[in-house]
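Computed from the coordinates by the stated procedures, all read-outs in this text should not be read as laboratory data. Values in this document were obtained by computation on a predicted structure and should not be read as measured data. As a convention, Cβ positions derive from the backbone with ideal geometry for all residues, glycine included, and neighbour counts pool all protein chains shown.
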Amino acid sequence: MFSINRSKNATLVLAMGALFAVSAPVLAQTAKPAVAAPVAREAAQVKKLLQEKFDGVVIGNVTKSPFGFYEVMFDDQLVYTDAKVTYVLVGNLYDTATKKNLTDAKMRELSRVSFDSLPLELAMKKVKGNGSRKLAIFSDADCPFCARLENELKSIDNVTIYTFLYPIDQLHPDSARKSRMIWCAPDKVKAWDSFFASGTLPQNGGDCDNPLTATHELGQKMRVTATPTLVFADGSVIPGALPAQRLEAEIAQGEVQAAKIAAAKK
């Protein structure tokens, strides 16, 4: 998360009111086309200044937005700054005409992964209906929100679900043991479903080869910090136990976007 203690001399504007006060006049103007090379150099300078002013922060992608600010991946969140890094704006930016959360949309774009690059052999595979659609989930056996998601998934059909066992020891110290036992069951998916339905665990010592270490490394690489975390066909990564209606919409949108991405690569 953003930390004021990391700042040396940047002035931080944290209130959403300040964000809109600064951005509104700029949004009202039509952005002028910029030459690619100068913009790239300026973006590199912005990144350099941020690294100088904020020790220990991972500065990721830096891009110039259509409304004049620079959008910056600041650790695990998106922030906005000017070319001289005089101000840093933290918060959600909305398009007042469409009511669209531009910050969420940009974060979704920046966090997108290649679904086909996921090591699906590390996951439990469950096919529902014709299995034509795809969904991957990072899930913790003892996570109450994961249990809620499992209930919502009951009404979702025609999807192949890949579940990565992702116990978070700090929150659920017994989850790793349960995950190993479920993975070692003859029918992993049945064992997983039975556990969430009745709390029943398979009768084994959980001592077979399992992917928990590799799955943990994968989640760390993808910056998965909460369970459940969902990955849709287009690579969009969304945390949280989404309700069935939202799940259906996101799965459908993911399939459409994945098709567009694939067509663009041809």
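Data overview
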quantity	calculated
The chain: angle of helix 188-198 to the longest principal axis, Cα-based, in degrees nearest 10	90 degrees
Rounded tilt (10° steps) of 212-221 against the dominant C-alpha axis of the chain	10 degrees
Alpha-carbon centroids, the stretch 192-266 and the stretch 85-116: separation in whole Å	22 Å
Choice from 185, 44, 233 showing the highest fluctuation, given a GNM over the chain with Cα pairs closer than 10 Å	44
Gaussian network model of the chain, springs between alpha carbon atoms under 10 Å - residue of 97, 43, 249 with greatest fluctuation	97
Principal-axis tilt of helix 144-153 within the chain, Cα atoms, nearest 10 degrees	80 degrees
Sorted by Cβ density within 10 Å, fewest first, the residues 232, 145	145, 232
Burial ordering of 87, 162, fewest other beta-carbon atoms within 10 Å first	87, 162
Whole-number D in µm²/s for the stretch 115-265 (Stokes-Einstein; Kirkwood sum over Cα pairs; 4 °C, 1.567 mPa s)	83 µm²/s
